[in-house]
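The values are calculated or read from the model by the stated rules, or taken from the named source; none is laboratory data. Predicted model, so just to flag it, every value in this text is computed and none were measured. Every residue, glycine among them, receives a Cβ derived from its backbone with ideal geometry; neighbour counts consider all protein chains shown. Side chains are part of the model used for accessible areas, which takes the heavy atoms of the whole protein and leaves out ligands, DNA and RNA. Shrake-Rupley method; radii C 1.70, N 1.55, O 1.52, S 1.80 Å.
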Amino acid sequence: MRLSEKYGDKPLEELPMLFQRILQNAIRDFYRRSKVRSLWTTLLSSFSGGDDEDESDPLETLAGDVAAHYGETPHGQLEQSQTLAVIEAEIAKLPARQREAFLMRYWEDMDIAETAAAMGCSEGSVKTHCSRATHTLATALKAKGVEL
């Protein structure tokens with residue numbers, strides 16, 4: 001589809017090379033996307049209550065089900081609320097465009113095209129914003145001692 005949409009006007013002899021490049025890029029995008037989603041799914045799944053809620057928000061799960069995850073101890077509740085506060089604070093510190101892209105992609109589960117349309121920018125910009133936000137958050141959380 002990409003070949004016909006974007007390169008339909010190219011000479012026939014160029015189409016095999018263009019097709020090969022489009023295919024390679026699609027495969028790379030798939031694996032990069034899988035890697036990033038896997039990272040955040042793994043990190044955030046440690047906070048889930050284990051209720052198999054498909055539409056649950058990790059931050060809501062943290063706030064609403066503190067006792068179930070950490071037990072009934074006050075220490076566990078305090079630890080989880082502090083971790084939640086650190087994560088929320090670090091997300092709030094992100095530049096506006098990075099925060100917007102990150103939340104749309106990973107909290108709202110929007111794909112790159114939907115996020116780009118909502119933000120009014122290119123898909124490449126969305127990828128860049130998400131990548132920078134992910135790296136910034138990981139570095140900041142690690143520096144604060146948050147082990148997920």
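Compare the peptides 9-16, 93-100 by average per-residue count of other Cβ atoms within 10 angstrom and give them in order, highest first. List each step's numbers first, then the result.
On the way: 9-16: 8.9, 93-100: 15.4.
Sorting 9-16, 93-100 by mean packing, highest first, produces 93-100, 9-16.
Highest-first packing order for the peptide set 120-133, 76-89 is 120-133, 76-89, based on the mean count of other beta carbon atoms within 10 Å.
For Met110, the residues whose modelled amide H falls within less than 5 Å of its own, excluding neighbours fewer than 5 places apart on the same chain, are Arg105. Couplings for segment 120-129, taken from phi via the Karplus curve 6.51 cos²θ - 1.76 cosθ + 1.60 with θ = phi - 60°, read x, 9, 7, 5, x, 5, 4, 4, 5, 4 Hz in order; Gly and Pro are left as x.
The distance between label points at Ala143 and Gln82 comes to 1.9 nm (points 7 Å beyond Cα on the Cα→Cβ vector).
Restricting the calculation to Cα atoms, segment 69-108 yields a radius of gyration followed by a Dmax of 13.4, 39 Å. Protein heavy-atom surface of segment 67-148, 1.4 angstrom probe: 53% of the accessible area is carbon and sulfur, with nucleic acids and ligands not counted.
Within straight-line reach of Lys144, meaning a Cα separation under 19 Å, sit the following lysines at least 8 residues removed in sequence or on another chain: Lys93.
Bridgeable lysines around Lys10 (alpha carbons under 29 Å apart, same-chain partners fewer than 8 residues away excluded): Lys127. Electrostatic tally near Ala101: other residues with Cβ closer than 10 Å to its Cβ, Lys and Arg +1, Asp and Glu -1, net +4. Spin-label model, Asn25/Thr73: points 7 Å from Cα along the beta carbon direction are separated by 5.3 nm.
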